[in-house]
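Novice: My questions will all concern the structure given below.
The values are calculated or read from the model by the stated rules, or taken from the named source; none is laboratory data. Just so we're clear, the structure is a prediction, and the values are computed from it rather than from any experiment. So basically every Cβ, Gly included, is an ideal-geometry build from the backbone, and we count neighbours across all protein chains shown. Just so you know, the surface numbers come from the protein's heavy atoms only, side chains and all, with ligands and any DNA or RNA stripped out. Shrake-Rupley method; radii C 1.70, N 1.55, O 1.52, S 1.80 Å.
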Amino acid sequence: MASSLSTSSFSPSTTNIFHKPKFILPNKKTTTFCAVQLPSIANFPKKQSESQFPSSWNLFQKISSIALDAVENGLIERERKNPLPKTADPKIQISGNFSPVPDQPVRHSLPVTGTIPDHINGVYLRNGANPLFEPTSGHHLFDGDGMIYAVKFDNGSASYACRFTETQRLVQERAIGKPVFPKAIGELHGHSGIAKLLLFYARGLCGLVDHSQGIGVANAGLVYFNNRLLAMSEDDLPYEVRVTPTGDLKTVGRYDFNGQLKSNMIAHPKLDPVSGELFSLSYDVIQKPYLKYLRFSPNGEKSKDVTINLGKPTMVHDFAITENFVVVPDHQVVFNMSEMITGGSPVVYDKKKVSRFGVLDKYASDDSGIKWVEVPDCFCFHLWNAWEEPEHDEVVVIGSCMTPADSIFNESDEELKSVLSEIRLNLKTGKSTRRAIISPEGNVNLEAGMVNKNLLGRKSKYAYLAIAEPWPKVSGFAKVDLSTGETKKYIYGNKKYGGEPLFLPRDPTSNAEDDGHILTFVHDEKTWKSELQIVNAITLQLEATVKLPSRVPYGFHGTFVSAKDLATQP
């Protein structure tokens, strides 16, 4: 049953349950990412000693490793003399239930309260950042190794497993016995960031690491496409992961679509529910082209890359599709590697840049026909849906507008806000309008979620979004009527927090858009136990709870793969 707790119970004022770490300067606000009082309980593997090396290393490699480790240790000791920013301090970023867990082999016949709905047959999967080794210096939540948490349903019974995605990065670090790949967000700041990059490439020149096979963590998105489950982060190619008949997970390897994909792919590709095509983007932070648009046929054949000309490398974490277009954000969070030379972060908020959205035909062979529409002071980390309204010459985009735009990556004194918004792009006039969907008095931070997947790219009535309060924890989810702003909330309960709600339609032919169920992992911080909750999306009543055998950390994005689709895996 949905909790009766009011929204005010989870307002930013409740941040008094957090403590300020000693290194934070007085009179600084700590709303961006606070450390919970519960300490990290992760059991990290012991780092390998200098006398223990991979058996394949020769004498030169062993000597090189000892020398480079000594340089790195000196660098780390120097770093520890200065306080880390909250966005890069592991004591904050992976504390409490953000801390990692080890692999969990399959456990069958889990305790179930209530009845699992008949249409839920298959596997619910969610990705997350779960560092294998204890960080030695700066670490951002997004930097952790990818781990997939899976609950498999079989005619009313449930099993659970969680496994690391065996990326090249993880495999090499496990063999070496310590973290050696630089953390893209937590470590690459200022002069020490430059030094760590140089150390990493020095290890490569000495044959201690091989970065030619990718450096990504595959910890963010999941999509099932062309009979394959793909785990993604925007710093690498996808990784194919197989769900075994028993419900376990096995990494197949880096997936380049049979040699067709030559560049990284963002973590939020879009699967068109009508055509069966997959659409995605790829961005580069160093060299042109900074952004490319990718399209795959239902059987995995890739079309020619479409270069989208941007003036500078820009963070494009997400985008949207409609029936005929792709909608590409070009916002004010950009990459400027030269900032590291002056001691700053390469992720920068560019005040002089005006945010805009580009609307491009899905089947364009180049970007000559793209129509850019400015939407000032708009940064949407995620876009939930988009559709066309030709009677108004408009494309409607639904997203959560975040301020400060770079607060996830850089320390900020300003309280983070994420406002669910309707953005209208007029393709005839080139003008835009933007409105908050929920009235200010009822507004809450809404981040991570989805619409009915059968309506992706088409006009949808509802969105199901995580209530990210007290930030960054999720106290429940909201079912929002996108036209009226009417919001119904499901709160997990006292000291219970979860993650992204996944809406699973009962049937693609259902007349009611909300005919289905919400699946979400929930963690009880009083008992330190986790469960999977199944909530009726129409009534917002809890119908079933699956008790899980191990803790599930708060994480990122998920998907559901039906039993029928699982049978198509190679």
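Novice: Under the rule of -39500 (n - 2.57) per DSSP H run of 4 or more residues, summed and divided by the residues of the chain, what mean residue ellipticity at 222 nm is obtained, to the nearest 500 deg cm²/dmol? Numbers along the way, then the final one.
Specialist: Working: 5 runs with 54 residues, N = 570.
The per-residue figure over the chain is -3000 deg cm²/dmol.
Novice: Within a Cβ distance under 11 Å of Leu519, other residues only, what is the Lys/Arg minus Asp/Glu net charge? Working shown, then result.
Specialist: Values: positive: Arg126; negative: Glu500, Glu543.
In short, -1.
Novice: Between rounded, prolate and oblate, where does the stretch 503-558 land on the alpha carbon gyration tensor, with a ≥ b ≥ c its root eigenvalues, rounded for a/c under 1.5, else prolate if a/b exceeds b/c?
Specialist: On the way: a/c = 3.12, a/b = 2.23, b/c = 1.40.
Since a/c reaches 1.5 and a/b is larger than b/c, the shape of the stretch 503-558 is classed as prolate.
Novice: Percent of accessible area on the stretch 195-316 owned by carbon and sulfur, 1.4 Å probe? Before the final figure, lay out the partial values.
Specialist: On the way: 2390 of 4740 Å².
About 50 percent, which is the carbon plus sulfur part of the accessible surface.
Novice: For Leu383, enumerate residues with amide H under 5 Å from its amide H, sequence gap 5+ or separate chain, H modeled in the peptide plane.
Specialist: Distant-sequence amide H within range of Leu383: Phe319.
Novice: Quick check for me: using +1 on Lys/Arg Cβ and -1 on Asp/Glu Cβ, what's the dipole size of the stretch 205-329 about its Cα centre, in debye to the nearest 20?
Specialist: Details: 12 positive and 14 negative charges, 39 e Å.
Rounded to the nearest 20 debye, it is 180 debye.
Novice: Going by the alpha-carbon gyration tensor, a ≥ b ≥ c the square roots of its eigenvalues, is the chain rounded (a/c under 1.5) or, if a/c is not under 1.5, prolate (a/b greater than b/c) versus oblate?
Specialist: Working: a/c = 1.32, a/b = 1.20, b/c = 1.10.
Rounded is the answer for the chain, as its axis ratio a/c remains below 1.5.
Novice: Kindly write out, for the stretch 245-259 in residue order, the coupling ³J(HN,Hα) from the Karplus curve 6.51 cos²θ - 1.76 cosθ + 1.60 (θ = phi - 60°), rounded to whole Hz, with x marking Gly and Pro.
Specialist: My calculation for the stretch 245-259 gives x, 7, x, 7, 10, 9, 6, 7, x, 4, 10, 10, 6, 6, x Hz in order.
Novice: Taking Lys564 as the anchor, which aspartates and glutamates have their alpha carbon closer than 12 Å to its alpha carbon, excluding any fewer than eight residues away along the same chain?
Specialist: Reachable aspartates and glutamates: Asp154.
Novice: Enumerate the amide H contacts of Glu447 below 5 Å, restricted to partners 5 or more residues apart or on another chain; note that Pro and chain-start residues carry no placed amide H.
Specialist: Counting only residues 5 or more places away or on other chains, the set is Ala466, Ala468.
Novice: May I pose another question? Size of the dipole of the chain about the Cα centre, Lys and Arg at +1 and Asp and Glu at -1 on the beta carbon, nothing else charged, in debye to 20? It would help to have the intermediate numbers written out before the result.
Specialist: On the way: 62 positive and 63 negative charges, 233 e Å.
In debye, rounded to 20, the chain gives about 1120.
Novice: Here's a follow-up. Summing Lys, Arg as +1 and Asp, Glu as -1, what charge do residues with Cβ under 10 Å from the Cβ of Ala158 carry, Ala158 excluded? Don't jump to the answer; show the numbers that get you there.
Specialist: Numbers: positive: Arg107, Lys152, Lys547; negative: Asp154.
Overall, the nearby charge balance is +2.
Novice: Quick check: net charge around Val396, other residues with Cβ under 13 Å of its Cβ, Lys/Arg +1 and Asp/Glu -1?
Specialist: Details: positive: Arg424, Arg434, Arg435, Arg458, Lys459, Lys461; negative: Glu323, Glu388, Glu389, Glu391, Asp393, Glu394, Glu422.
It works out to a net charge of -1.
Novice: Could you report the chain's accessible area per residue, 1.4 Å probe, as an integer in Å²?
Specialist: Numbers: 23340 Å² over 570 residues.
Accessible area per residue, the chain: 41 Å².
Novice: Let me ask another. Tell me which trypsin sites (Lys or Arg not before Pro) from the stretch 269-369 have a DSSP coil assignment and no more than 12 other beta carbons within 10 Å of their own.
Specialist: On the way: sites: Lys270, Lys292, Arg295, Lys302, Lys304, Lys351, Lys352, Lys353, Arg356, Lys362; in loops: Lys304, Lys351, Lys352, Lys353, Lys362.
Qualifying residues, ordered by number: Lys304, Lys351, Lys352.
Novice: Specify the inter-centroid distance of the stretch 495-530 and the stretch 109-183, based on alpha-carbon positions, in whole Å.
Specialist: 18
Novice: For the charge dipole of the chain, defined by +1 on Lys and Arg C-beta atoms and -1 on Asp and Glu C-beta atoms about the Cα centroid, which residue among Asn536, Ser280, Ser233 has the Cα displaced farthest towards the positive pole?
Specialist: Checked the options; the winner is Ser233.
Novice: Output wanted: per-residue J couplings in Hz (rounded whole) for the stretch 295-306, from phi through Karplus 6.51 cos²θ - 1.76 cosθ + 1.60, θ = phi - 60°, x for Gly and Pro.
Specialist: Working through the residues one at a time gives 9, 10, 6, x, 9, x, 7, 8, 7, 4, 4, 10 Hz.
Novice: OK, next. Put +1 on the Cβ of every Lys and Arg and -1 on every Asp and Glu Cβ in the chain; which of Pro376, Ile92, Thr509 then has its Cα farthest towards the positive end of the dipole?
Specialist: About the Cα centre, the residue reaching furthest to the positive side is Ile92.
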